[in-house]
Amino acid sequence: QVQLVESGGGLVQPGGSLRLSCAASGSISSIRVMGWYRQPPGKQRALVATITSGSTANYADSVKGRFTISTDSAKNTAYLQMNSLKPEDTAVYYCNVIGFGKYGVGPYTYWGQGTQVTVSS
């Protein structure tokens, strides 16, 4: 059993910053990929950023240069630093983890509960 707990969402003005956190706990023993997705109102969920266990990061074109994904392997935690926020960044943000359980069972995909980010003046 794996649980992802997200935090850090909220309301900010355009140009502001937020940092999201996603802490993974439970039986997962080897995390391969951690990432962030978002779902704006009335739209489908889309990739924001991912980072592999080898620290290779990928970003959606819409957030390159503004968002940074990072991890703390000792805490099994991923972060999303969001700078220069725009109204179009408003969405529910979801943490995603792909990994293996004990004895290499898997891979398994897990999702966080989602956290609301609202960018508005």
>> What are the ³J(HN,Hα) couplings of the stretch 41-56, residue after residue, when phi is run through the Karplus curve with 6.51, -1.76, 1.60 and θ = phi - 60°? Round to Hz, x for glycine and proline.
In response: x, x, 10, 7, 5, 9, 5, 9, 7, 9, 9, 8, 5, x, 6, 8
> Using a probe of 1.4 angstrom, how much of the accessible area of the chain is carbon and sulfur, in percent?
Replying inline: 48 percent
>> Using the basic label-point model (7 angstrom from Cα toward the beta carbon), what is the Lys102 to Leu11 distance in nanometres?
In response: 4.6 nm
> Where is the GNM fluctuation largest for the chain (alpha-carbon springs, 10 angstrom cutoff): Ala24, Ala78, Ala57?
Replying inline: Ala57
> What number, in percent, do you get for the relative contact order of the chain if the mean sequence gap of Cα pairs under 8 Å and at least 6 apart is divided by its residue count?
Replying inline: 36 percent
> For the stretch 4-67 and the stretch 70-93, what is the separation of their C-alpha centers, rounded to whole Å?
Replying inline: 4 Å
> In terms of the Cα gyration tensor, with a ≥ b ≥ c the square roots of its eigenvalues, is the stretch 43-94 rounded because a/c is under 1.5, prolate because a/b exceeds b/c, or oblate?
Replying inline: prolate
>> Bin width 10 Å, origin at 0, all Cα-Cα pairs of the chain: what percent of pairs per bin?
In response: 14, 47, 29, 9, 1, 0
> How much area per residue is accessible in the chain when the probe is 1.4 Å and only protein heavy atoms are counted (Å²)?
Replying inline: 54 Å²
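The values are calculated or read from the model by the stated rules, or taken from the named source; none is laboratory data. Computed from a predicted structure; not experimentally measured. A quick note on method: Cβ atoms are made from the backbone with ideal geometry, for glycine too, and the neighbour counts reach across all protein chains shown. SASA here: full protein model, heavy atoms, side chains in, ligands and nucleic acids out. Shrake-Rupley method; radii C 1.70, N 1.55, O 1.52, S 1.80 Å.
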